[in-house]
1. Considering each of 100, 112, 131 in turn, give the residue that is under 21 Å from residue 71 (Cα atoms), touching a helix residue (DSSP H, G or I) at 6+ places or on another chain (Cβ under 6 Å), at pLDDT 95 or above and of a type outside the set (Ser, Thr, Tyr).
2. Out of the residues in the range 103-122 meeting the condition of being of a type in the set (S, T, N, Q) and farther than 20 Å from residue 30 by Cβ, tell me which one is least open to solvent (accessible area, probe 1.4 Å).
3. Restricting attention to the range 123-157, which residues are without any contact (Cβ under 8 Å) to a residue 24 or more places away in the chain and open to solvent by less than 70 Å² (accessible area, probe 1.4 Å)?
4. Just to verify a result, which residue in the range 120-160, among those that are among the aliphatic types (A, V, I, L, M) and not in a strand (DSSP E or B), is nearest to residue 175 (Cα to Cα)?
5. When you check residue 88 against the structure, is it in contact with a strand residue (DSSP E or B) (Cβ under 8 Å, 6 or more places away or on another chain), surrounded by fewer than 19 Cβ atoms within 10 Å (Cβ to Cβ), charged (D, E, K, R) and touching a residue at least 12 places away in the same chain (Cβ under 8 Å), yes or no?
6. Anything in the range 58-75 that is surrounded by 14 or more Cβ atoms within 10 Å (Cβ to Cβ) and closer than 18 Å to residue 2 by Cβ? List them, or say none.
7. Taking the condition at pLDDT 95 or above, in contact with a strand residue (DSSP E or B) (Cβ under 6 Å, 6 or more places away or on another chain), closer than 18 Å to residue 12 by Cα and in a helix (DSSP H, G or I), does residue 71 pass?
8. Given the conditions (1) in contact with a helix residue (DSSP H, G or I) (Cβ under 7 Å, 6 or more places away or on another chain); (2) at negative phi; (3) assigned to a loop (DSSP other than H, G, I, E, B), which single one is not true for residue 88?
Amino acid sequence: MQFPALSGARCVLRPLSEQDLPAFARYRADPAVARFQSWSTYSLDDARRLFAGMASVPFGTRGSWYQVAIADKRQNVLLGDCALHFLEDDQQVEIGFTLAPVHQGQGLAGEAVSLLVNYIFGQLHKHRIIAVTDADNTAARKLLAGTGFRQEAHFVQNTYFKGKWGDECLYAMLASEWRVADSR
């Protein structure tokens, strides 16, 4: 199975391509983007390693991460990416999202996350989706709440991150919650 192209009003989720890697590395290297991410610096070589690692594991493999491109619907320009982490129980998926700063604040990440949620529940038939974010990342927390996720936990100083202890928030959505929201 491969990740299919998913089309929204303004963006498309599609497999990340080798041609995307320079732009992918550029926005990930931006300190404003890296602030809430696991990396501090990001290079084209890092992007190539991630891409090669994804190519070596079939899409949907338990325990694997898979990045998909968020692209402009009309011009197919890379705007950002979404991550899918297929958890070991095979019924849950962790998601993440990263958008280039120039494309933030326009509702594109919310559109992309909604497309991803619809795909995970509607086509992959998973039971639960989770997302973990830094408690200080108010934009991500607002986006998750706005797309139907509920906050399940606020972990206090649970992670040593970039030289200091930090808080994380866990958000989740069940397939049954998605079906109720989707029927409205």
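The values are calculated or read from the model by the stated rules, or taken from the named source; none is laboratory data. What you see is a predicted model, and the numbers here were worked out from it, not measured in a lab. Glycine also receives a Cβ, built like all others from the backbone with ideal geometry; neighbour counts cover every protein chain displayed. Each accessible area value is taken on the protein alone, full model and side chains, heavy atoms only, with ligands, DNA and RNA left out. Shrake-Rupley method; radii C 1.70, N 1.55, O 1.52, S 1.80 Å.
1. Values: 112 fails: touching a helix residue (DSSP H, G or I) at 6+ places or on another chain (Cβ under 6 Å); 131 fails: under 21 Å from residue 71 (Cα atoms).
Of the residues listed, the single one that is under 21 Å from residue 71 (Cα atoms), touching a helix residue (DSSP H, G or I) at 6+ places or on another chain (Cβ under 6 Å), at pLDDT 95 or above and of a type outside the set (Ser, Thr, Tyr) is 100.
2. In the first step, residues of the range 103-122 are kept if they are of a type in the set (S, T, N, Q); the result is 104, 106, 114, 118.
With the extra rule that they be farther than 20 Å from residue 30 by Cβ, the set shrinks to 114, 118.
Values: 114: 47, 118: 69 Å².
Checking each candidate, the answer is 114.
3. Residue satisfying the conditions is 153 alone.
4. So in the range 120-160, the residues among the aliphatic types (A, V, I, L, M) come out as 120, 124, 129-132, 135, 139-140, 143-145, 153, 156.
From what's left, not in a strand (DSSP E or B): 120, 124, 135, 139-140, 143-145.
Values: 120: 9, 124: 11, 135: 25, 139: 24, 140: 21, 143: 18, 144: 15, 145: 16 Å.
Looking at the filtered set, the residue picked out is 120.
5. When the stated conditions are applied, residue 88 does not pass them.
6. Listed by number, the residues that qualify are 59, 60, 64, 65, 66, 67, 68, 69, 70, 71.
7. No, not satisfied.
8. All conditions pass for residue 88, except number (1).
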